[in-house]
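Everything below concerns the one structure shown next.
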Amino acid sequence: MIKKIIVLINSILCILLIMSTDKVSATISDRDEKIKLIEVEIESNMKTHDIPGMAFALVDSNGIIYSKGFGILDIREVTQQIDENTNFNLGSLSKVFTTLAIIQLQEKGFLSIEDPVVDYLPWFKTRDALMSNQITIKHLLNHSSGLPSRLNVHDVKSIDRRKIIDQISEQNLVKLLNTPI
């Protein structure tokens with residue numbers, strides 16, 4: 001599914017080149033033609049990659065230029081049409097946003113992805129304290145920390161920061177599956 005989303009996003013990005021803002025004086029018909037090209041590309045990719053539905057928004061510094069929903073939200077409920085206001089769970093896409101934010105922090109000199117995680121989260125630990133101190137931000141970003149793929153932190157119920165840290169700390173006393181590489 002992630003591969004389908006990436007293919008679709010890449011296709012949309014290519015289409016966005018058509019919507020380049022270098023021609024600020026574009027006529028309404030030019031704009032409408034470009035939007036139609038975007039819609040055709042989206043619908044074609046949805047069909048090719050069996051994507052039941054999605055929402056699309058084109059924005060600039062002034063706000064939303066165009067937004068529209070395509071298809072259905074749930075293949076079991078064909079009556080649930082997607083529109084421009086439909087909310088979606090980010091799921092694994094949040095990893096992309098996290099990585100982007102981390103890289104921006106590194107570019108501004110606030111951190112380095114080579115820094116140990118414990119430099120920023122002193123409470124971060126595994127059963128092997130020596131290994132915990134060796135796990136870097138980069139290890140977490142590229143899944144090479146040696147940590148298991150699921151830490152079951154989804155059970156955290158509190159909204160109090162201290163309680164969350166305590167609960168995660170208790171759960172994260174996991175055994176590393178591998179040495180960080």
* To do: Report, by residue number, each residue of the range 68-100 that is within 21 Å of the chain's Cα centre (by Cα) and of a type in the set (S, T, N, Q).
  => Asn85, Thr86, Asn87, Asn89, Ser92, Ser94, Thr98, Thr99
* Just give me the residues in the range 141-159 being open to solvent by 70 Å² or more (accessible area, probe 1.4 Å) and at pLDDT 70 or above, in sequence order. => Asn142, His143
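The values are calculated or read from the model by the stated rules, or taken from the named source; none is laboratory data. Computed from a predicted structure; not experimentally measured. The accessibility values were calculated without ligands, DNA or RNA, using every heavy atom of the protein model including side chains. Shrake-Rupley method; radii C 1.70, N 1.55, O 1.52, S 1.80 Å.
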